[in-house]
Amino acid sequence: MSDLDPYERKILRELQRNASQTTAEIAEKVGLSSSPCWRRIDRMEREGIIQRRVAIVDREKVGLNAHVFVQVKLNAHGRANLDEFASQIREFPEVLDCYVMMGSIDFMIRVVAEDIMAYERFFFGKLSQLPGVQEVNSIVALSQIKSTTELPI
């Protein structure tokens, strides 16, 4: 992050707040003219600092009312195949995030589903069927206090 100049940091904050802004709008907010602002954005996209621009969808408004955090522990044989587990979990659209963990669990997964019955189908039909899964602990979120994609830049 130290390679970013103050203007680039401001640009990133603006894009995180609203990526649909024009370059001219961003430039005005960060104190640059459009051309240098565009060049900075273009460079950050080429370098992968800006990975992509997306729309953030309200999961409940599209009928995904169950939000579940899942802890997965693999058996000893399964640990040898972490890459296989990871590649298979990436294919499940219900999985929003998956992290390899240190400690008593191997993976922490964030899952959304229509409701608890849909999560149950996901659990029994997909997740528990993956090779090497020894233990799964599902923690259902009751409500959301904070959710952001904005990094503190």
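Share of carbon and sulfur in the accessible area of the stretch 65-145 stands at 55%, probe radius 1.4 Å. What angle, in degrees between 0 and 90 and rounded to the nearest 10, separates the Cα long axis of helix 116-125 from the longest principal axis of the Cα atoms of the chain? For 116-125 against the chain, the angle is about 70 degrees.
For the stretch 77-106 and the stretch 138-153, write down the distance between their C-alpha centroids in whole Å. Using only Cα atoms to place each centre, the spacing works out to 20 Å.
Around the amide H of Gln21, modelled in the peptide plane, lies no amide H under 5 Å away from a residue 5 or more places distant or on another chain.
Taking θ as phi - 60° and the Karplus parameters 6.51, -1.76 and 1.60, the scalar couplings of the stretch 92-108 work out to 8, x, 5, 8, 8, 9, 8, 10, 7, 10, 9, x, 7, 10, 9, 9, 10 Hz in sequence order, x denoting glycine and proline. In the stretch 52-153, which GluC sites (Glu not before Pro) are in a loop and have at most 10 other Cβ atoms within 10 Å, using DSSP for the loop call? Within the stretch 52-153, the qualifying GluC sites (Glu not before Pro) (loop, at most 10 other Cβ atoms within 10 Å) are Glu91, Glu150.
What the phi angles of the stretch 138-143 give under the Karplus curve with 6.51, -1.76 and 1.60, with θ = phi - 60°, is a coupling list of 9, 10, 8, 7, 7, 8 Hz, glycine and proline written as x. For the stretch 67-105, trypsin sites (Lys or Arg not before Pro) are listed when DSSP marks them as loop and at most 11 other Cβ atoms sit within 10 Å of their Cβ; the list is Arg90. Based on protein heavy atoms only, the chain ends up with 67 Å² per residue of surface accessible to a 1.4 Å probe. In the assembled protein chains, Ser34 presents an accessible area of approximately 50 Å² (probe radius 1.4 Å). By definition, a body whose alpha carbon gyration tensor gives a ≥ b ≥ c is oblate when a/c is 1.5 or more and a/b is not larger than b/c, and the stretch 76-153 fits this oblate description. Karplus-derived 3J(HN,Hα) values for the stretch 70-86, using 6.51 cos²θ - 1.76 cosθ + 1.60 with θ = phi - 60°, are 10, 9, 10, 10, 9, 6, 4, 5, x, 4, 5, 10, 4, 5, 5, 4, 4 Hz; glycine and proline are entered as x.
Under 5 Å between amide hydrogens, which residues at least 5 positions from Gln134 or on another chain qualify, with H placed 1.01 Å from N in the peptide plane? For Gln134, whose amide H was placed from the backbone, the distant partners under 5 Å are Lys73, Leu74, Asn75.
Can you give the helix-only mean residue ellipticity at 222 nm for the chain, where every DSSP H stretch with n ≥ 4 adds -39500 (n - 2.57) and the sum goes over all residues, rounded to the nearest 500 deg cm²/dmol? Dividing the helical sum by the residues of the chain leaves -10000 deg cm²/dmol. Seen against the Cα atoms of the chain and their longest principal axis, helix 34-46 is set at about 30 degrees.
Take every Cα pair under 8 Å whose residues are at least 6 apart in sequence, average their separation, divide by the length of the chain, and the relative contact order is 28 percent. On C-alpha positions alone, give me the angle between the axis of helix 6-17 and the longest principal axis of the chain, in degrees, nearest 10. So the inclination is approximately 50 degrees.
The values are calculated or read from the model by the stated rules, or taken from the named source; none is laboratory data. These numbers come from a predicted model, not from an experiment. When we count neighbours, we look across all protein chains shown, and the Cβ atoms used for this are built from the backbone with ideal geometry, even at glycine. Remember, those area values only see protein heavy atoms, side chains included, never the ligands or the DNA or RNA. Shrake-Rupley method; radii C 1.70, N 1.55, O 1.52, S 1.80 Å.
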